[in-house]
Every structure is written in C-alpha cells, then in structure tokens.
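To keep things clear, I will list the structure first and then write my remarks on it.
The values are calculated or read from the model by the stated rules, or taken from the named source; none is laboratory data. Since the model is a prediction, treat every value here as computed from it, not as a measurement. In this analysis, Cβ positions are derived from the backbone assuming ideal geometry, glycine residues included, and neighbour counts consider all displayed protein chains. Ligands, DNA and RNA are stripped out before the accessible areas are found, and what is left, the full protein with its side chains, is counted by its heavy atoms. Shrake-Rupley method; radii C 1.70, N 1.55, O 1.52, S 1.80 Å.
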Amino acid sequence: MQDQTATFERHIHEQQLDQRRQVSGEFTWLLSGIVLACKIISEEVRRLGLSGKSGGAGAINVHGEEQQTLDIFSNKVLLECLGSRGNVGILASEENEAPIVLVENRDDGEYVVMFDPLDGSSNIDVNVSVGTIFSIYRRPENHNGSTASEVLQPGTQQLAAGYCLYGSSTVMVYTTGNGVDGFTLDPTIGTFLLSHPDMKMPDRGSIYSVNESYADSFPPYCRRYLHWLKSGEDDALYSSRYIGSLVADFHRTLLKGGVFLYPPTSFYPDGKLRLMYEANPIAMLAEQAGGIATSGGESILSIKPNDIHQRVPLFVGSPFEMQRLQTFIQRPLKV
Ligand code: AHG
Ligand code: MN
Ligand code: MN
C-alpha cells in the first residue's frame with residue numbers, strides 16, 4: 001500500500017533539512033505553486049475533448065508558431081499560481097516574449113522561474129503525452145541592472161529543475177541538485193506521492209530517439225552516429241522511439257537509458273529546442289541521474305545564454321551512447 005504521507009511537499013521539506021538549508025519554507029512555498037499549476041493543467045489535459053480547450057487559439061507566439069488553446073491556458077495558470085507566491089521576482093515563459101518582473105527589488109522576490117507551460121503542443125489533440133518543464137534560479141546579487149542579466153544565467157546556476165508529464169499517469173520529476181525523484185499524482189486524494197525515489201539513468205540503453213525525417217540535413221558526425229546506432233556494430237542493437245514531446249522522450253530515456261537527439265537541421269540550424277526552459281532543466285535532471293547532456297559542442301549546462309528564447313542542439317542520454325557520440329564528433333572526416 002502506497003504511503004500516502006510520502007508527498008512531494010514533505011520530500012522537499014526533508015531534503016532541505018538534510019541539506020541543512022535554513023528551512024525558511026520559502027522554497028517549499030514556491031514549489032507548491034508549481035505543483036498546484038501542474039495539477040490544474042493535468043485536469044485540463046484529461047478532459048480536453050470535453051472542455052473545448054483543444055485546437056489552435058488562432059494566435060502566433062514569439063517563435064512564429066501557432067499557439068494551441070492549451071498552451072495559453074497552461075501559461076495563464078502558471079503565471080497566476082507562481083505570481084501569487086509572493087517570493088517570485090521574475091517569470092519567463094516560452095509563451096511570453098519578454099520576462100515578467102513581478103517584484104522590482106531582489107529582497108522581496110528572490111527567485112526567477114522559467115517554464116515551458118505546455119511541451120509537445122503538436123501532440124495535444126491526438127491524445128499523446130505532453131508536459132510542463134520548469135527551471136528555478138536565484139536572482140543574482142550583482143548584475144548590470146537589466147532584467148536580462150538577472151535571467152540569463154548558465155544552467156549550472158539552476159537551484160532546481162523538473163517537469164510534469166501528463167501521460168498514462170501524471171508524474172512530477174524534479175531535482176534540487178541532490179539527485180532526482182519522481183512523484184505520481186494520486187487522483188483520489190489529489191496529491192503527488194513519491195513513486196520513483198532516487199532515479200538513475202541506466203549506463204547504457206537500447207533505444208535511440210530522433211526525428212529521422214530531418215536526417216539528411218543533420219551534420220555529418222550526426223549522420224555517421226545515426227548509422228552506427230542502426231548498424232548493430234559493437235553489439236549495439238537499438239530500436240527507435242520518437243514521441244515528439246521532449247518531456248515524454250526524455251522521461252523514457254531517463255528510465256530506460258539510450259539517447260535522445262535534436263541536432264541542428266536546415267530548418268533549425270541551432271537546433272529547435274530552447275536552452276532556458278527545455279534543454280537546461282532536462283540537462284540538470286540528466287546529469288543528476290548519471291546521464292550526460294551536450295549541444296554536440298559543449299555541456300548544455302555551461303552555455304552562457306544570450307537570449308531567453310535561444311535555441312540549442314540537444315543530445316542527452318546514457319554515458320555509453322553519449323561517449324560514443326563524442327567519438328564521432330572528434331573523428332575527422334574520412335577524405
Ligand atoms: P513545444 O510544444 O513546447 O513547442 O515543444 C515541442 C518540441 C519538443 O517537445 C519536441 O521534442 C520537439 O518540439 C519535436 O519537434 P519536431 O516536431 O520537429 O520533431
Ligand atoms: Mn517544448
Ligand atoms: Mn511549449
């Protein structure tokens with residue numbers, strides 16, 4: 001019988017005690033805002049066909065993509081739930097062009113929260129798993145006074161990162177830099193309960209995940225790597241799985257190992273995924289679980305951002321597959 005007291009909130013509190021952080025409760029209160037928002041979004045996802053929130057909203061976001069009704073709904077829920085915490089200074093969302101400054105002075109709003117409110121929008125109407133991704137920073141004490149300088153911090157500075165996956169069940173996976181834990185929403189009591197303690201990515205897997213329709217425009221090293229994944233060499237027998245929702249493709253990689261890649265393509269020369277609210281939180285989770293995440297050139301977490309919506313190539317997975325990728329990146333082209 002599941003321990004119905006092993007809640008997300010209790011876990012955060014105990015983790016802070018373990019880390020001998022002065023348990024002010026501020027961080028727990030902040031995270032409870034994310035938990036509340038994800039519960040509301042989860043309910044909406046589950047009733048989508050009935051609630052009239054499916055389909056396009058007839059608006060275009062800052063990326064030139066048609067916003068789905070659920071993108072806008074999820075974004076509004078997160079802005080409200082986090083905006084009401086009282087300790088969040090700045091919010092940045094995939095769906096908002098500029099960061100939103102809630103509290104000018106740092107003392108009253110010490111946290112910066114960035115999020116992708118609804119990841120996998122193209123899958124919403126076909127009942128395929130989607131998710132919410134979040135990344136939490138502390139506002140820097142020294143900065144040049146611009147909001148951008150408070151927000152544009154490398155992924156190594158994240159206080160916490162996580163996602164909520166609205167799949168066959170609703171699962172919250174998060175890290176505060178002290179390992180990765182997963183919680184499943186028990187709808188009978190409306191509470192996330194610890195279901196995946198201390199998650200570790202397998203050292204090696206048997207699944208690769210990439211949108212192969214773009215393969216002709218991948219960089220040569222990437223095409224050679226893909227060929228190796230399919231070759232059966234080095235007793236590497238892989239099958240291919242691609243859901244098209246980053247959260248779902250990564251969650252499977254976290255649990256089963258292997259590799260997920262979104263390389264540069266002719267349409268997205270810098271990759272499609274956004275650094276601040278997709279790649280960085282995923283990379284923190286991957287590394288905390290024993291995996292590796294790079295842009296093909298450098299560790300994702302070390303990238304110094306220059307724009308909150310900047311895109312980056314993402315290769316993330318088990319040590320074996322990621323080290324093998326590195327050999328293709330370093331191998332000179334056969335002339
Ligand atoms: P979002 O719905 O937040 O825009 O994210 C979609 C992303 C990501 O979830 C997924 O990995 C990728 O788009 C899929 O892109 P392709 O459809 O080009 O494969
Ligand atoms: Mn996304
Ligand atoms: Mn999104």
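Descriptive notes on the structure:
- Cα gyration tensor category, rounded, prolate or oblate, for the stretch 8-196 with a/c compared to 1.5: oblate
- Cα-Cα separations in the chain greater than 30 Å, expressed as whole percent: 33
- Length gained on full extension, His227 to Leu50, computed as 0.36 nm times the residue gap minus the Cα-Cα distance: 59.3 nm.
- About its Cα centre, the dipole of the chain is roughly 720 debye, where the only charges are +1 on Lys and Arg Cβ and -1 on Asp and Glu Cβ.
- A 1.4 Å probe run over the protein chains yields, for the chain, 42 Å² of accessible area per residue, whole-number rounding.
- Theoretical FRET efficiency, 1/(1+(r/R0)^6), r = Cβ-Cβ of Trp29 and Asp107, R0 25 Å, to 0.05: 0.95
- Taking 4.7 Å between C-beta atoms as the pairing limit, the chain has these partnerless cysteines: Cys81, Cys222.
- Share of carbon and sulfur in the accessible area of the stretch 207-329 stands at 51%, probe radius 1.4 Å.
- Sorted peptide list for 182-190, 223-231, 111-119, 71-79, criterion being average Cβ within 10 angstrom, highest first: 111-119, 71-79, 223-231, 182-190
- Dimensions (Å) - the stretch 207-329, Cα atoms, principal axes, largest first: 41, 32, 26
- Legend: calculated FRET efficiency, Arg204 to His13, from the Cβ-Cβ distance at R0 = 25 Å, rounded to 0.05, equals 0.10.
- Dipole axis of the chain (+1 Lys, Arg; -1 Asp, Glu on Cβ), positive-most option in Ile207, Ala161, His309: Ile207
- Highest average first, the peptides 278-289, 134-145 ordered by how many other beta carbon atoms sit within 10 Å of their residues are 278-289, 134-145.
- Charge dipole of the stretch 8-196 (Cα centre as origin; +1 on each Lys and Arg Cβ, -1 on each Asp and Glu Cβ, all else neutral): 380 debye, rounded to the nearest 20.
- Computed from phi, the 3J(HN,Hα) profile of the stretch 174-179 under the Karplus parametrisation 6.51, -1.76, 1.60 (θ = phi - 60°) reads 8, 9, 10, x, 10, x Hz, with x in place of Gly and Pro.
- Mean Cα-pair separation over length for the stretch 274-314, i.e. relative contact order, pairs under 8 Å, 6 or more apart, %: 55
- Estimated vicinal HN-Hα couplings, Hz - the stretch 133-142 in sequence order (Karplus 6.51, -1.76, 1.60; Gly, Pro = x): 10, 9, 9, 10, 10, 8, 5, x, 6, 10
- Estimated from helical segments only, the mean residue ellipticity of the chain at 222 nm is -9000 deg cm²/dmol, where each DSSP H run of four or more residues counts as -39500 (n - 2.57).
- Share of carbon and sulfur in the accessible heavy-atom surface of the stretch 35-162 [1.4 Å probe, %]: 47
- Converting the Cα gyration tensor eigenvalues of the stretch 36-113 into ellipsoid dimensions via √(5λ) gives semi-axes, longest first, of 26, 16, 6 Å.
- Net charge dipole, the stretch 207-329: roughly 140 debye, given to the nearest 20, about the Cα centre with Cβ charges of +1 for Lys and Arg and -1 for Asp and Glu.
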